[in-house]
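Beneath this line is the structure, given in structure tokens, with notes to follow.
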Amino acid sequence: MRDQIRVVFDTNSVVSALLFQAGELSWLRSHWKQSSVIPLVSTATASEIIRVLSYGKFNLHRQEIEALLAEYLPYTESIVDQRPLDAPQCSDQDDQIFIDLAISGEAGILVTGDKALLDTKVEFRIMQPADYKIFIARPENN
């Protein structure tokens, strides 16, 4: 087994995995519970997840949101919010929190389907969830 992979999952990836247990990203729930990956969060990214889970279209009560968060947050490592000097700039400033977290937390991978993030030039890998699934399935990455 190789070293643990430090990963940032964007809000859409986390929320999709939490809300849609039979969905395309449902596999992430068991993945982040494994000891081979360290999902990273910051106050800003955790707040973003809570904000999205609170959308009226999901019709979730506070207790349901707390139960969903309990399926993710205990498996994460919290990183202090900071904007690293000379951090690459995402074209969508709302997504900058994920770039900053990946740099501050020394992540090897950021998992997202967001085009603005995917197009950002960084020194770590940015992958769509389907590509990440293929990446972690390779024997040399386990």
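The values are calculated or read from the model by the stated rules, or taken from the named source; none is laboratory data. Just so you know, these numbers come straight off a predicted model, no measurement behind them. Positions of Cβ are generated from backbone atoms using ideal geometry, with glycine treated the same way; all protein chains shown enter the neighbour counts.
Quick rundown of the values:
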quantity	calculated
Residue match in the stretch 96-117 (condition: more than 17 Å from the chain's Cα centre (by Cα), of a type outside the set (Ser, Thr, Tyr), over 15 Å from Phe9 (Cβ atoms) and surrounded by fewer than 12 Cβ atoms within 10 Å (Cβ to Cβ))	no
One residue from Glu48, Glu64, Glu140, Glu71 being touching a helix residue (DSSP H, G or I) at 6+ places or on another chain (Cβ under 7 Å) and farther than 14 Å from Val8 by Cβ	Glu71
From Gln93, Gln82, Gln89, residue being more than 15 Å from the chain's Cα centre (by Cα), under 19 Å from Arg6 (Cβ atoms) and not β-branched (Val, Ile, Thr)	Gln82
Subset of the stretch 19-35 that is outside any helix (DSSP H, G or I) and aliphatic (A, V, I, L, M) - its residue that is surrounded by the fewest Cβ atoms within 10 Å (Cβ to Cβ)	Ala22
Output for the stretch 76-111, where each listed residue is polar (S, T, N, Q) and at pLDDT below 95	Gln82, Gln89, Ser91, Gln93, Gln96, Ser104
Flag for Ile38 being more than 25 Å from Glu140 (Cβ to Cβ) and either modelled with pLDDT of 90 or more or part of a helix (DSSP H, G or I) (or both)	no
Residue match in the stretch 82-100 (condition: in contact (Cβ under 8 Å) with a residue 12 or more places away in the chain, more than 24 Å from His31 (Cα to Cα), touching a helix residue (DSSP H, G or I) at 6+ places or on another chain (Cβ under 7 Å) and among the basic types (Lys, Arg))	yes
Qualifying residue in the stretch 8-18 (condition: in contact (Cβ under 8 Å) with a residue 24 or more places away in the chain, in a helix (DSSP H, G or I), of a type in the set (Val, Ile, Thr) and in contact with a Leu (Cβ under 7 Å, 6 or more places away or on another chain))	yes
Those residues of the stretch 129-139 which are surrounded by fewer than 16 Cβ atoms within 10 Å (Cβ to Cβ) and either assigned to a helix (DSSP H, G or I) or in contact with a Ser or Thr (Cβ under 7 Å, 6 or more places away or on another chain) (or both), in sequence order	Ala130, Asp131, Ile134, Phe135, Ala137, Pro139
Flag if Leu85 is under 18 Å from Thr120 (Cβ atoms) and not in a helix (DSSP H, G or I)	yes
